[in-house]
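Single-structure report; data block below.
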Amino acid sequence: MSNKMRLYYNPQSRAAIARWMLEEVGADYDLVHIDFESGSNRRPDFLAINPMGKLPTLVLADGTVLTETPAIVAFLADAHADKSLAPEISSPARGTYYRWLMFNGSCLEPAAIEKMMRKDAAPLPKVSVGWGSYDDVIDTLEMTLGKSPYLLGERFSAADLMIGATLSWLVMFGAPRVGDSAVIAEYVERVTDRDAYRRSQAT
């Protein structure tokens, strides 16, 4: 068995976040490129690893399979505690870190998808969805990022990697408000101005 991790990867997927995190912690890993157009994510050999057929999928050196971006990011932060990408488990800041690490998948992404893909439909009722509304989500981020350079204050964490990567994509795809927000633009520039991020963009 290889002593390296394997990241099943396509740069146009959330696996780009996992790759950035692997670079942040200095992990030894191999990339296995997945071509969506040819349907390689639906092949039996890949479905045997991840029955969802989705990325990212990270296989650890011992064969353990990790899926779901926040789970991969959280695991790598804790497995490489020397990189200081997560507060200590007993620190009150750990709770704030978890809040923002999970905010991406529970609020930011679904709110943005609803806003951008259901343009002609009435918004889902605020009382029925975990994110409330798209404007609630963006207001919350702008308020938080207007107070400090990072989500945990002065310290970059794995939560910034998650939120920063998603905001960068939303700017690229023209999500409402995001591209016009100076606070968000400055934050995205700050969190992506890292050597690990640049390494993760290599083909």
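Bear in mind these aren't lab numbers, they're just calculated from the coordinates by the rules spelled out. Remember, predicted model here, so these are calculated numbers, not experimental data. For neighbour counting, all protein chains shown are included, and Cβ atoms are generated from backbone atoms with ideal geometry for every residue, glycine included.
What's the extension gain from LEU60 to THR140 if we count 0.36 nm per residue and subtract their Cα-Cα distance? Walk me through the intermediate numbers first.
Working: separation 80, 0.36 × 80 = 28.80 nm, distance 3.53 nm.
Result: 25.3 nm gained on full extension.
Is the shape of the chain best called rounded, prolate or oblate, per the rule: a/c under 1.5 gives rounded, else a/b larger than b/c gives prolate, else oblate, with a ≥ b ≥ c the square roots of the Cα gyration tensor eigenvalues?
Working: a/c = 1.76, a/b = 1.25, b/c = 1.41.
Oblate, since a/c reaches 1.5 and b/c is not below a/b.
Based on the Cβ-Cβ distance from SER84 to PHE36, what FRET efficiency comes out when R0 is 30 Å, to the nearest 0.05? Walk me through the numbers on the way to the answer.
Values: r = 35 Å, r/R0 = 1.17.
After rounding, the FRET efficiency stands at 0.30.
Taking the stretch 74-154, which chymotrypsin sites (Phe, Trp or Tyr not before Pro) meet the DSSP loop condition and have no more than 10 other C-beta atoms within 10 Å? Intermediate results must be reported in sequence, preceding the final value.
Numbers: sites: PHE75, TYR97, TYR98, TRP100, PHE103, TRP131, TYR134, TYR150; in loops: TRP131.
The qualifying sites: there are none.
By its C-alpha gyration tensor, with a ≥ b ≥ c as the square roots of the eigenvalues, how is the stretch 154-203 shaped: rounded for a/c under 1.5, else prolate for a/b larger than b/c, else oblate?
oblate
Starting from the Cα of THR203, step 7 Å along the direction of its Cβ; do the same at ALA185; then give the gap between the two resulting points in nm.
Inter-label distance under the simple model: 3.0 nm.
Can you list residues from other chains, or at least 5 along the same chain, whose modelled amide H is less than 5 Å from the amide H of THR57?
Residues meeting the amide H criterion: TYR8.
FRET efficiency for LEU124 and ILE49, Cβ-Cβ distance as r, R0 = 41 Å, nearest 0.05? Intermediate results must be reported in sequence, preceding the final value.
Working: r = 33 Å, r/R0 = 0.81.
According to the calculation, E is roughly 0.80.
Quick one: what are the phi-derived ³J(HN,Hα) couplings along the stretch 83-100, Karplus 6.51/-1.76/1.60 with θ = phi - 60°, whole Hz, x for glycine and proline?
With the stated coefficients, the stretch 83-100 comes to 7, 6, 9, 8, x, 4, 4, 8, 7, x, 5, 4, x, 5, 4, 4, 3, 6 Hz.
Under the Karplus relation 6.51 cos²θ - 1.76 cosθ + 1.60, θ = phi - 60°, what is the ordered set of whole-Hz ³J(HN,Hα) values for the stretch 110-119, x standing for Gly and Pro?
Working through the residues one at a time gives x, 5, 5, 5, 4, 5, 8, 9, 10, 4 Hz.
Which loop GluC sites (Glu not before Pro) in the stretch 145-203, with loop taken from DSSP, have no more than 12 other Cβ atoms within 10 angstrom of their Cβ?
On the way: sites: GLU154, GLU186, GLU189; in loops: GLU154.
Sparse-neighbourhood loop GluC sites (Glu not before Pro): GLU154.
Specify whether the C-alpha gyration tensor of the stretch 92-164 places it in the rounded, prolate or oblate class, a ≥ b ≥ c being the square roots of the eigenvalues: rounded for a/c under 1.5, otherwise prolate if a/b is larger than b/c and oblate if not.
Working: a/c = 2.40, a/b = 2.17, b/c = 1.10.
Note, shape of the stretch 92-164 comes out prolate.
Could you work out how far the C-alpha centroid of the stretch 167-203 sits from that of the stretch 2-28, in angstrom?
If we compute the Cα centre of each part, the gap is 19 Å.
May I ask you to derive the relative contact order of the stretch 5-84, considering only C-alpha pairs under 8 Å and at least 6 residues apart, and to give it as an integer percent? It would help to have the intermediate numbers written out before the result.
Working: 106 pairs, mean separation 28.7, N = 80.
It comes to 36 percent, rounded to a whole number.
With 32 Å as the limit, write out which pairs from LYS126/LYS147; LYS4/LYS115; LYS83/LYS147; LYS54/LYS126; LYS4/LYS119 have Cα-Cα distances beyond it, or answer none.
Numbers: LYS126/LYS147 26 Å; LYS4/LYS115 40 Å; LYS83/LYS147 25 Å; LYS54/LYS126 29 Å; LYS4/LYS119 44 Å.
Checking Cα-Cα distances, LYS4/LYS115; LYS4/LYS119 exceed 32 Å.
With a Förster radius of 41 Å, plug the Cβ-Cβ distance of ASN3 and TYR98 into 1/(1 + (r/R0)^6) and report the FRET value to the nearest 0.05.
Numbers: r = 31 Å, r/R0 = 0.75.
Using R0 = 41 Å, I get an efficiency of 0.85.
Between the stretch 110-162 and the stretch 51-105, how far is it from one alpha carbon centroid to the other, in angstrom?
20
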